[in-house]
Amino acid sequence: MTGGFRAVEISDRVYWVGAIDWGIRNFHGYLTSRGSTYNAFLVLADKPTLIDTVKAQFGDEMMARIASVIDPSKIEYIVSNHAEMDHSGFLPEAIARLAPSKVFASSQGCDALDRHFHLGHPFEALKTGDSLELGGATLKFVESRMLHWPDSMLTYLVEGGVLFSNDAFGMHLASGERFADELDRALLREEATRYYANILLPLSPVVRAFLEKVPSFGLDIRMIAPDHGPIWREDVGWIIERYAEWAAQKPSRKAVVVYDSMWGSTAKMARAIGDGLAAGGARATLMPLDAAHRSEVATEILGAGALVAGSPTMNGQIFPTVADTMTYLEGLKPKNLVGATFGSYGWSGEATAHLDEWLKRMQIELAAEAVRVKYVPTGADLEACRKLGLAVAEKLPR
Ligand code: FEO
C-alpha cells in the first residue's frame with residue numbers, strides 16, 4: 001500500500017512514521033478510552049534507520065509513511081527498542097520487505113524477539129554506551145531494563161538531541177497532533193498519569209534509580225519521542241518532573257473507596273464512609289465497580305493516601321468484580337497507603353476478612369476494624385461506617 005499516509009518531520013531529517021489507533025479501548029486490561037498511537041521513527045542519513053515498528057495490522061500504514069520520504073528498500077538498519085508486540089508486531093514483515101543489513105536490539109531484546117517470532121534472524125545486541133554511526137547521524141544507546149520490560153532500551157540521536165524513549169514517557173492518546181505542546185496540558189496530565197499508574201507504578205523504584213542515573217549518560221535531551229502518544233519538545237522537563245513525582249508515591253489526603261454491591265447495602269455503607277472521610281478532611285473518591293474500570297481505580301490510587309475496599313460476601317468469597325480489581329491493584333504494588341474494609345452479607349460474611357488479609361499482603365496499614373453488616377445497614381451501622389471514614393482520615397498525612 002502506498003499513498004494516503006505521509007511521514008511527519010519531527011526534527012531535522014527525523015520522521016514520525018507510526019500509526020494512530022483511534023479505536024482501541026482494551027490494552028491488555030487497561031481501559032484506553034482515548035485510543036493510542038504506535039510511534040515508529042525514521043532517521044534519514046547515509047544509512048537510513050527505522051526505530052521501532054508498529055502493531056502488525058498497522059504495518060501497511062507505516063510502510064506508506066516511509067515511502068512518502070524514502071524508497072523503503074534503502075533502509076539499512078532497524079533498531080528495536082522493545083519487543084512487546086505493539087512495537088514489534090510488524091517487525092518480521094518489515095525485515096522481509098525491507099531486507100535491512102542489520103537489526104539491532106538490547107541483548108535481552110535479541111532473546112525476546114527470537115522467542116516471539118522464531119525467525120532465526122541474527123539480531124545484533126547493543127548495550128549501554130554503544131553507538132552507531134549512520135553517516136551524517138549518530139545513535140547512542142542506553143539499556144533501560146524494566147522500563148518496562150527486561151529488554152527495554154532507549155536510543156538517542158546526537159543530532160537534534162532526540163531521545164527515542166520507547167514506552168517510557170508515553171501515554172495512550174490518539175491525536176492528530178504529534179507534539180505535546182499542541183495539546184491541552186490538563187489532558188496530557190490526565191493521560192500521562194493514567195499511563196504511569198497502569199504501566200509503570202510497580203516499577204517506581206526502577207524509575208527513581210533510572211532518573212538519578214540520567215545525568216551520567218551525558219545526553220543533551222532536547223526532545224523525547226516515546227512510542228505512544230505525543231512527542232515532548234518544549235516540555236521535556238515537565239514530563240521528567242512528573243515521573244519523579246509519581247515514582248516518589250508520596251501519600252496525600254485522598255482516599256479511594258472501591259466496592260461493589262449486590263442489593264445496594266455495601267454501596268450505602270460506602271457512601272456513609274465517604275461522608276466520614278470528608279468530615280475528617282480527606283478527599284473521598286468513591287469508585288463503584290459497576291461503573292468504574294479497574295484501570296481507573298489504579299489511576300486514582302496513584303497519589304492517594306488510602307484504599308478502602310468493600311465487598312458483599314458471595315458464596316463465602318469476595319464479589320468477583322472486587323477480586324478482579326484487587327488482583328490488578330496488588331500487581332501494581334502501590335506504596336504508602338493506609339486502608340480499611342467493609343461489606344454486607346447474608347449468611348457467613350467472609351468477604352471483609354478476605355479483604356483485610358489482602359490489604360495486609362499489600363502492606364497497607366489497617367486504620368480501623370472492618371465494618372460488617374448483616375443484610376441491610378441500620379442507622380447505627382451507617383454511623384459505624386462514618387466512623388470508619390473518620391478513622392481513615394485521621395491516619396492521612398496533614
Ligand atoms: Fe508499548 Fe511495552 O509496549
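The values are calculated or read from the model by the stated rules, or taken from the named source; none is laboratory data. Nothing here was measured: the structure is a model prediction, and the numbers come from that model. Backbone-built Cβ (ideal geometry, glycine too); neighbour counts: all protein chains shown. Each accessible area value is taken on the protein alone, full model and side chains, heavy atoms only, with ligands, DNA and RNA left out. Shrake-Rupley method; radii C 1.70, N 1.55, O 1.52, S 1.80 Å.
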So residue 30 passes all but one of these: (1) more than 13 Å from the ligand (Cβ to nearest atom); (2) under 17 Å from the mean Cα position of the chain (by Cα). Which condition number does it fail?
(1)
Are there strands (runs of 3 or more DSSP E) fully within segment 16-100 with at least 1 residues that are open to solvent by 10 Å² or more (accessible area, probe 1.4 Å) and out of contact with any Gly (no Cβ under 8 Å at 6 or more places or on another chain)? List them.
77-79
Residue set 115, 145; condition open to solvent by 30 Å² or more (accessible area, probe 1.4 Å), basic (Lys, Arg) and assigned to a loop (DSSP other than H, G, I, E, B); output residue 145
All but one of (1) touching a residue at least 40 places away in the same chain (Cβ under 8 Å); (2) closer than 20 Å to residue 166 by Cβ; (3) among the acidic types (Asp, Glu) hold for residue 212, so report the exception by its number.
(1)
Restricting the first residue to segment 63-86 and requiring it to be within 16 Å of the ligand (Cβ to nearest atom), which pairs with a second residue that is open to solvent by 40 Å² or more (accessible area, probe 1.4 Å) and outside any helix (DSSP H, G or I) meet a Cβ separation below 9 Å and a spacing of at least six or different chains?
82/149; 83/149; 84/149; 85/55; 86/55
Given the options 199, 221, name the one that is in contact with a Gly (Cβ under 9 Å, 6 or more places away or on another chain), within 14 Å of the ligand (Cβ to nearest atom), open to solvent by 10 Å² or more (accessible area, probe 1.4 Å) and not hydroxyl-bearing (Ser, Thr, Tyr).
199
Hey, can you tell me all the residues within segment 168-188 that are over 17 Å from the mean Cα position of the chain (by Cα) and part of a loop (DSSP other than H, G, I, E, B)?
175, 176, 177, 178, 183, 184
Yes or no: residue 24 at pLDDT 95 or above and under 30 Å from residue 289 (Cα atoms)?
yes
Can you list the helices (runs of 4 or more DSSP H) lying wholly within segment 283-398 that have 1 or more residues being among the hydroxyl-bearing types (Ser, Thr, Tyr), open to solvent by less than 30 Å² (accessible area, probe 1.4 Å) and within 27 Å of residue 248 (Cβ to Cβ)?
294-301, 320-332
Go through 94, 99, 67 for me and flag whichever is in contact with a strand residue (DSSP E or B) (Cβ under 9 Å, 6 or more places away or on another chain) and small (Gly, Ala, Ser).
94
Can we say residue 352 is among the β-branched types (Val, Ile, Thr), out of contact with any helix residue (DSSP H, G or I) (no Cβ under 7 Å at 6 or more places or on another chain) and either under 15 Å from residue 201 (Cα atoms) or not assigned by TED's automatic domain parsing to the domain that holds residue 277 (or both)?
no
Among the residues of segment 116-131, is any of a type in the set (D, E, K, R) and over 25 Å from residue 217 (Cα atoms)?
no
Report whether or not residue 48 is touching a strand residue (DSSP E or B) at 6+ places or on another chain (Cβ under 9 Å) and farther than 30 Å from residue 194 by Cβ.
yes
